[in-house]
Amino acid sequence: MTAIAAPIKYSNVIEPDKLEKVALTQTMANGTRRKKYNPVFSGEDIETLLFVEDHFRKTARKLLYNTGAELFDNFEEILQGSAERKWNTLVAPLANNQRTVACFNLVLQEFYLRYCGNEARDTGIRYLRSKAVCKRRNSMPRQHQERIETLWRYTNRLPGQEPPLTEAQLKTILFNSFPWRWKQAYERSRRLADETIEEMVEFMDKEKGFQDEDDDFSKKRKQDK
C-alpha cells in the first residue's frame, strides 16, 4: 500500500526547546514596557508554522496587539530566512490602510499554502484514519492521545474540501489507533459512544499496564530457564 504523503506526520514531533526565540514588546497604557518571548519560524514545515502561530496569537493577546498593523509588524519579527521572504512577498502589495486584522488572517491562510497543498486537510484526514497513526509499542496511551489530538487540531486548520473532523470522529480515530487486543477487551465491557475520550484512554492506560506486567513476567521466565 502506498504511504499517504501527509502534511503533518505522527512521528515528526516538534521540539520547542530547539526553536530560536525572539522578544516582542509593547508599551502599555501606563507607560511600562511589556516583553514576551516567541518562537521563530524559519520555514521548517506546516506543523512548525502552526505551532509558532499559536504562540504568536497568545503573545498578541497578552501584549494587546489589537490592530492589523501591530499583527503584521510583529508577525514579521518572528520569521527568518525563506519564511520571512515568502511572507514579505505576500505583504508587499498591501497598502497600510489595507493591513487590518481580517486581512492579516487572510494573508496567513495564503501563507499556509507556501508549506502545504490546497487539499492538505483532505490528505491529513485520510492519514489520521490510516494505520500510520497507530500507537507505538513503547509510548504511553496519554502521550499517544496528545499527539493524535495535536494532529487533529492542526489538520482541521489546513486548507481543503473535506469538512473539519468533529470530536466524535476524533474519538473513533483515537480508538482505532490502539492495539487490536486492547480494543477487543474494551468492546467486551464498554461502548465507545457512551464514554468520553478521557474515559476510553484511561481504559487503554490500564491495558498498557497489564501488557507491561505480562512482558516483565515473560522476561523473568526466560531469565530463570
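The values are calculated or read from the model by the stated rules, or taken from the named source; none is laboratory data. Keep in mind it's a predicted model, so treat the numbers as computed, not measured. Backbone-built Cβ (ideal geometry, glycine too); neighbour counts: all protein chains shown. Just the protein is used for accessible areas: all its heavy atoms, side chains included, with ligands, DNA and RNA removed. Shrake-Rupley method; radii C 1.70, N 1.55, O 1.52, S 1.80 Å.
When the residues L128, L192 are ordered by accessible surface, computed with a 1.4 Å probe over the protein chains alone, the sequence from largest down reads L192, L128. Of the beta bridges DSSP finds with both residues in the chain, what % are antiparallel, to the nearest 5? Counting only bridges with both partners in the chain, antiparallel ones make up about 90 percent. Given a 1.4 Å probe and the protein chains as shown, F56 ends up with an accessible area of around 0 Å². Sorting K208, K86 by accessible area puts them as K86, K208; the probe is 1.4 Å, largest comes first, and only protein heavy atoms count.
What part of the accessible area of the chain, given as a whole %, is carbon or sulfur when the probe is 1.4 angstrom? All intermediate terms of the calculation are to be shown ahead of the outcome.
Working: 6530 of 13520 Å².
Taking all protein chains in place, the chain shows 48 percent carbon and sulfur surface.
In the complete set of protein chains, residue-level accessible area for Y37 is approximately 140 Å², probe 1.4 angstrom. Lysine pairs in region 1-86 whose alpha-carbon atoms fall under 22 angstrom of each other, counting only those eight or more residues apart or on distinct chains, come to 13.
The stretch between E15 and E213 holds 68.2 nm of extra length on full extension. This uses 0.36 nm per residue minus the Cα-Cα distance. Each part gets one Cα centre, and for region 147-180 versus region 20-50 those centres are 29 Å apart. Peptides 134-143, 117-126, 89-98, 73-82 ranked from most to least packed by the mean count of surrounding Cβ atoms within 10 Å: 117-126, 73-82, 134-143, 89-98. Find the relative contact order for the chain and round it to a whole percent, using C-alpha pairs within less than 8 Å whose residues are 6+ positions apart. Result for the chain is 18 percent. The length gained by stretching the chain between L113 and L90 to full extension, at 0.36 nm per residue less their Cα-Cα distance, is 7.1 nm. For the chain, how big is the tail of P(r) above 22 Å, as a whole percent of Cα pairs? Result for the distance tail: 62 percent.
Determine the per residue accessible area of region 44-83 with all protein chains present and a 1.4 angstrom probe, expressed in square angstrom. On a per-residue basis, 41 Å². Taking 0.36 nm per residue of separation and subtracting the current Cα-Cα distance, fully stretching the chain between L64 and Q184 would add 38.1 nm. The helix-based estimate of mean residue ellipticity at 222 nm for the chain, built from -39,500 (n - 2.57) per DSSP H run of four or more residues and divided by its residue count, is -17500 deg cm²/dmol to the nearest 500. Taking all protein chains together and a 1.4 Å probe, the residues H55, H144 rank H55, H144 from largest to smallest accessible area.
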